[in-house]
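Here the structure is laid out as structure tokens; the discussion comes afterwards.
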Amino acid sequence: MSAQLVLLGSILCIASGGLAILPGKSFIRTTPVMIITGAIAGLAGCWIGLTSATTTLVLPWMIPGGEFRITVDALSAFFAAPAFLMAGAGGLYAERYWPADRRRAAWVRGFFGLLTGSLVIVMVAGHTILFLAAWEIVTISAFFLVGTEHEAPESRNAAWLYLAASHVAMLALFAMIAILHALTHTWAFDALPAGLASLPIGRVIFALAIFGFGIKAGLMPFHVWLPGAHAAAPTHVSAMMSGVVIKMGVYGLVRTLSLFDEIPYSFGTTLLVLGIVSSILGVAFALAQHDLKRLLAYHSIENIGIIVCGLGIGFLAEAHGSARVAALAFAGALLHVWNHGLFKALLFLSAGSAIHATHTREIDRMGGLTRRMPWTALAFLTGAIAICGLPPLNGFVSEWLIYVSAFTAVTAREADWSWLLVFAVPPALALTGALALACFVKAFGAVFLGAPRAAAAAAAHESPLGMRAAMMPLAAACFGIGLAPTLLGPMLERVTALIAPGLPGCDLAGSLQGVQTSAITVAVVAAVAFGFVTLLSRKRRTGPTWDCGYAAAVPRAQYTASSLARSITGVFAWAMPAVVHAPAKLPLFPREASFESHVPDTVLDRALLPALRFSERLISYARYAQSARVQFYILSLGVTLVVLLFWSAL
Amino acid sequence: MPPIADTVLIILLLTNFFILGTASMRAMIRVVALQGILLSLLPIFVESHATLRLVALVFATAALKGLVIPSLLFKAVRDVHINHEIEPYLGFIPSLFLCATGTAAALLFADQLPLAAAHKSSLFVPASLATLLAGFLVLTTRRKAISQVAGYLMLENGIYVFGLLLYQSMVVEVGVLLDLLVGIFVMGIVLNHIQREFSSLDTEHLSRLRE
């Protein structure tokens, strides 16, 4: 039943995109209805998949060697559920954010439907050919969505970069799946022969998986495509990509590693190192951004880092045989997959609402939006608290589980060098959380507090009901998971059992109960304190704020987002040197001057692009062979033929 | 294998030299046509009984290689108003020298091949290889598009001679012949367009299309 429902949901999502591109205005208006129906059907299927046995559905398919096999087990359903939720919310949001009469409405809706529908197929494909085909459709439709506003060169570049990076990832996956086929003699996702992980070929599979899935997930050295693509896409697409599409990479990684019967230590340590680097540097780069969507995009890298940290501890514990640590770490990582999908989508949608109202993505051209857009501000604040991992919201629960797993591992006093790496996790997570808090103080402060910095921000209005309504289920889910995580316990146990089939089951209820109690306590204390403060400030005095002695304070004299973050980004200057254009020396009587600074992506702008330019120069020497004479081409063909003939004769 | 077939093949080899040595476009086309007619006669010496199949093959080959294709080429030369001089990248003397070397190499090489005893004594295999090489030389060292066509025809002639060894399955050869005819048609059209675009048939101008 679950497989049928999930497939139905996917088909409805794709069909909603198909409806949008039909000629005639009446069809395009039905797309939200269709995609929401699909999302509800799919969510029902995921629910059944998470709570009951695995179901498989095999349909006839004409691809040679391929099989249209849909397998919904707990792991697939777990990853597919956020996709459906986000499809529904995104479809509803797009109805007002990108109305049917706006330019390229059919383009956006058509590809959005295709993206969501095929994304779900990636998660539930039981056959590698189907998996790769769906993966490619996701890539292509996301490419078109990123390039929606392709008049802007920035948008085009982001789209091309995304396509190139995705296809590099695809190549690695082709190689990986070919090796899997050679080892298992089946194209289905199947368990690998025993003892493989310690052989060199097992490590090759792991390396290809890390590279291919890491690019998709946006792990730190492979993240180059992510910030640009998230910034350029329409907001609900950014929410979908950041919340769900990059989780395809996590899903693929988990699915591939679940095929191994035993996991060597090196897998866990590699994941752990990548996770720690991604989380700390991701948030550091986020702090340095002044484009609201790029800032959120770098936070995706951070959160993927946290998820991979959890997975790293889990696989390390699996290698070590500590069932409890593994269960806690996997549960934390998996729950963070959901949580990040929820709060990041919420953040993107509310940020999109602010961008929609102010017509700019520059944080320094916003300001004072709380009074003008209270609902948007509240939604953004909810998401911000959740992403910083503060109680009583959902980010706290999953990060807590990862902390607890790390502490449990540390207190077990095992003597093993790779185990020592786990010691680095709690400080790294704490640093990440603190930096994230600083980043969102900056973002929320500059966007929603203070006075408007530009005329457009001053004239902003609250977004229409449809856009606000799309954020509601996401915010509700953030609160729900934060306050009642025990409800998810049995589900997480089922999924964890699939990832690490070798380990005995472990009861999560106790740990989740602890989180729940503390979250509820914090919520009650916060509510009481808030009520108390409101009661006290009943007698409100109105007057100007203290202006520090400046007679004529103007909105432009407020702290800018970059000046607020300056003290922290300076600490990370070794990893992300800023490009500053400032007047070299101010004359005695200063005239008009300008100051501009931005932080380029170190990997992309300082390593990858120079390397590519260098290789392009090398390759350009081959152009001397292009004489453009037919005669020369025929001669080279003939010589090649003769050489090959002699070579094969030898 | 009667000696008369070998005589025809030796004439074929001599025409190769003529094609590589001539400076006139018309002479070149005429000799290519002559090659076609010589080839069309060859099956008669291979097969002793006059079957319907044999007659059809001889006439079809003679008509296509000896008449239709050359007349198409003559028409092209007339239509596109080019000077009738062959402009080689490689001079005539070096071309002839290379052709001689190629022919000698073909004779030596064919001796080394593990052929059936019936074919070993005849000139079929070396003549075929030598014609292929000569065609290849024309293709790579001559400048004008029409001489390229002649080069392709010579290549095909070489293949045809080789195919005669397998006379019983000449069906494939007839298929190739038809393909060639269609190819020449297409080339004729392409030539016209090149002419219109660059007002010359010199393939040098095509290098402007680079990039």
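Each value in this text was obtained by applying a stated rule to the coordinates, not by laboratory testing. Nothing here was measured: the structure is a model prediction, and the numbers come from that model. Please note: Cβ atoms are built from the backbone with ideal geometry, for glycine as well, and neighbour counts cover all protein chains shown.
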inquiry  = Bins of 5 Å, beginning at zero and ending with the bin holding the largest distance: percent of Cα pairs per bin for region A:272-373, please.
reply    = 3, 13, 17, 18, 15, 11, 9, 6, 4, 3, 1, 0
note = Whole-number value, in Å³ per residue, for the convex hull of the alpha carbons of chain A is 217
note = Computed D for region A:1-142, Stokes-Einstein, Kirkwood radius over alpha-carbon pairs, 20 °C, 1.002 mPa s, to the nearest µm² per second, is 144
key: For A:Ser597, distant residues with modelled amide H under 5 Å away   = A:His581
inquiry  = What percent of all Cα-Cα pairs in region B:56-163 falls into each 10 Å bin, going from 0 up to the bin containing the maximum distance?
reply    = 14, 36, 33, 15, 3, 0
Shape call, region A:453-498: gyration tensor on alpha carbons, a/c limit 1.5 = prolate
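What 222 nm value per residue comes from the helices of the protein assembly as shown, counting each DSSP H run with n ≥ 4 as -39,500 (n - 2.57) and dividing by all residues, nearest 500 deg cm²/dmol? Don't skip to the end; give the middle numbers.
On the way: 35 runs with 589 residues, N = 861.
Theoretical 222 nm ellipticity from helices: -23000 deg cm²/dmol.
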request  = List, in order, the whole-Hz ³J(HN,Hα) value for each residue of region A:483-496 obtained from phi through the Karplus relation with A = 6.51, B = -1.76, C = 1.60 and θ = phi - 60°; use x for Gly and Pro.
outcome  = 8, 10, x, 4, 4, 8, x, x, 4, 5, 5, 4, 5, 4
task = Starting at the first residue of region B:14-26, write each ³J(HN,Hα) from the Karplus equation 6.51 cos²θ - 1.76 cosθ + 1.60 with θ = phi - 60°, in whole Hz, x for Gly and Pro.
result = 5, 5, 3, 4, 4, 4, 6, x, 7, 9, 9, 4, 5
query = When only alpha-carbon atoms count, how far does region A:602-649 stretch along each of its three principal axes, as whole angstroms with the largest first?
reply = 50, 28, 10
inquiry  = From the alpha carbon gyration tensor of region A:1-66, can you work out the equivalent ellipsoid semi-axes (sqrt of 5 times each eigenvalue) and give them in Å, largest to smallest?
reply    = 26, 18, 5
remark   = Computed ³J(HN,Hα) along region A:635-644: with the Karplus parameters 6.51/-1.76/1.60, θ = phi - 60°, integer Hz and x for glycine or proline, the list is 4, 5, 4, x, 4, 4, 4, 5, 4, 5
remark   = Residues meeting the amide H criterion for A:Phe68 (H placed from the backbone, H to H distance under 5 Å, 5 or more places apart or on another chain) are A:Leu59, A:Trp61
ask   = Once you mark the trypsin sites (Lys or Arg not before Pro) that are in a DSSP loop and have at most 15 other Cβ atoms within 10 Å, what is the longest gap between them in chain A?
value = A:105-412
